[in-house]
Amino acid sequence: MTEFLNPDVSCDDCSDLLSVLESSLDGIWAIDRDCRIIFFNSAFKDFMKNVYGIDVKLGILLTDLFKGIDGLKWNKIWKKVFAGDSLKRIFSVKTPSDGRLTILFRIFPLRKGLDQISGAVIIGRNITRERKKEKLLRHNLMEQYLINEVFKSLFNPKDFNEAVEKVLSIIGEQTKMSFIYVYEDYYDSEYCHLAYKWKCKSIEDVNFDEEFNYDQYHGFKESLIENNILMYNKYSNCSEGVRKFFEKNNAKYAVVFPMMIKGKYIGFIGFQENRSDRFLTVSEVDILRIFASILGNALIQKYTEEKLTYASTHDPLTGLYNRAYFDAEIERVMNGRSFPVSIVMADLNGLKQINDNLGHKEGDELIVNASKVLMKVFRKEDCVARIGGDEFAIILPKTDESLMKLLIERIRNVENEINSALKIKVSFALGGATAHSKEDIQKNIVLADEMMYEDKRRIKSQKP
């Protein structure tokens, strides 16, 4: 199933990326140019089995799976995708019980190299429930306006954060809440971080925690997960930790819904009123629940896509960029205006001996410590990549030869600093070269590599 992945990506990276694909709630599958399936994840397999009773297998024609969609429509889609376009389409498909499902398809060209398109990747999401919720809200003109604006804002936005801020404003202004906030712990389960907040213009602001440890509000997370909702006012029979959270934020009434990915809690969305302790009707709570669901699903999609992007561009052991990203960045720099561009090649000395004599666990620890040296030396805008087992490379935009040499010297100094606390010492063989034009890039990569090997020979010659 890994054949559709970039051949330059290592087996470990492939495994990590496939793990991310497997964890997606959306069905993800890939086809070749003959429209035969060459990859599918568990979500797609389960959907086809549960809905259609089909055991999906590699090699099956996609048109044999979705027979409720006009073949001419598929042909038009593939023509565009195989020409390099990415598409988004919503289809109503038949089920064996003569029902209909509404499926959102996101379709991307599957590239093999820079110029060749070998097939397509499709992400399918069953949005039937969301569509039914949309119809429910259309009974009220205000609710219809809200759902249209929310979906429109969150549907493939150019700037996702800006879109979320707009959606919170729309919901807040129409529902007359004082605050709406989104806390997430997707990237750090020990702490909950304030990701988004909306405030009614006519109300005094509240100093919400930018982040907090759940121990500060003991029982908050547990109650939210157990009940799938938290409703608070001064009459609520809630735990001390829950009451503490809302009282700190001057809440008189609040409704909070959890965000979940495959049963895993990743944060919450809260709607809070600070002016009166009125009770919301069941209908009003249901409306808030629907918008929390829509917004939560959009955030979950964002987190999943970020995780996919990160896994495809980063080395899982060190967190540095990987070889695929390094190669792509070289292409980007070659066509940019960041000259002079310096390239530094770094080879970690002694890794093979450590692996052979002490084991790969010690070897991995050495690699991680080596990456810490490089991260301490270079800027965020520099591309620091692990391009092989013991090989690292750094792209330095707008960096001339004199500054590049100072940075190499800085690596030596940081090595000494960090080695004072290490049992297994970090030692790099280093080489660098500077390109002043697009034409110089490749030959200076080779030159930097040669200088690195010269440094390696020098280091070996100094050993007793």
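The values are calculated or read from the model by the stated rules, or taken from the named source; none is laboratory data. What you are looking at is a predicted structure, and each value in this text was computed from that prediction instead of being measured. Note: ideal-geometry Cβ built from the backbone for every residue, glycine included; neighbour counts use all protein chains shown.
The residue list 73, 133 contains one member that is of a type outside the set (Val, Ile, Thr), at pLDDT below 85, assigned to a helix (DSSP H, G or I) and touching a helix residue (DSSP H, G or I) at 6+ places or on another chain (Cβ under 7 Å), which is 133. Just to be sure I understand, how many residues within region 225-264 are under 16 Å from residue 293 (Cβ atoms) and touching a residue at least 60 places away in the same chain (Cβ under 8 Å)? Residues in region 225-264 being under 16 Å from residue 293 (Cβ atoms) and touching a residue at least 60 places away in the same chain (Cβ under 8 Å): 4 in total. Of all residues in region 248-263, those satisfying the criterion of being in contact with a Phe, Trp or Tyr (Cβ under 9 Å, 6 or more places away or on another chain) and of a type in the set (D, E, K, R) are 248, 252. Once region 258-277 is narrowed to residues that are in a loop (DSSP other than H, G, I, E, B) and surrounded by 12 or more Cβ atoms within 10 Å (Cβ to Cβ), the residue that is modelled with the highest pLDDT is 274.
Scan region 315-329 residue by residue and report those that are surrounded by fewer than 18 Cβ atoms within 10 Å (Cβ to Cβ) and among the aliphatic types (A, V, I, L, M). Selection gives 317, 328. Pairs linking a residue in region 418-435 that is free of Cβ contacts under 8 Å to residues at least 12 places away in the same chain and in the same structural domain as residue 451 (by TED's automatic domain parsing) to a residue that is aliphatic (A, V, I, L, M) and buried (at least 16 other Cβ atoms within 10 Å of the Cβ), with Cβ atoms under 8 Å and 6 or more positions apart or on different chains, are 419/426. When the residues of region 349-396 are filtered to those that are of a type in the set (Asp, Glu) and within 24 Å of the chain's Cα centre (by Cα), which remaining residue is nearest to residue 407 (Cα to Cα)? Only one residue tops the list, namely 382. Taking every residue in region 38-53 that is assigned by TED's automatic domain parsing to the domain that holds residue 65 and part of a helix (DSSP H, G or I) and pairing it with any residue that is surrounded by 16 or more Cβ atoms within 10 Å (Cβ to Cβ) and acidic (Asp, Glu), at least 6 positions away or on another chain, the pairs with Cβ-Cβ distances below 9 Å are 43/26; 44/26.
Being touching a helix residue (DSSP H, G or I) at 6+ places or on another chain (Cβ under 8 Å) and either part of a loop (DSSP other than H, G, I, E, B) or in contact (Cβ under 8 Å) with a residue 24 or more places away in the chain (or both) is the filter here; which residues of region 351-369 pass it? Correct list: 351, 354, 362, 366, 367, 369. Residues of region 376-398 that are in a loop (DSSP other than H, G, I, E, B) and hydrophobic (A, V, I, L, M, F, W, C): 378, 387.
Quick check on region 146-187: of everything there that is in a loop (DSSP other than H, G, I, E, B) and either β-branched (Val, Ile, Thr) or farther than 16 Å from residue 269 by Cβ (or both), which residue is farthest from the chain's Cα centre (by Cα)?
Initially, region 146-187 is screened for residues in a loop (DSSP other than H, G, I, E, B), giving 155-159, 176-178, 185-187.
Next, only the ones that are either β-branched (Val, Ile, Thr) or farther than 16 Å from residue 269 by Cβ (or both) stay: 155-159, 176, 187.
Numbers: 155: 17, 156: 15, 157: 16, 158: 16, 159: 15, 176: 33, 187: 10 Å.
Checked region 146-187; the qualifying residue farthest from the chain's Cα centre (by Cα) is 176.
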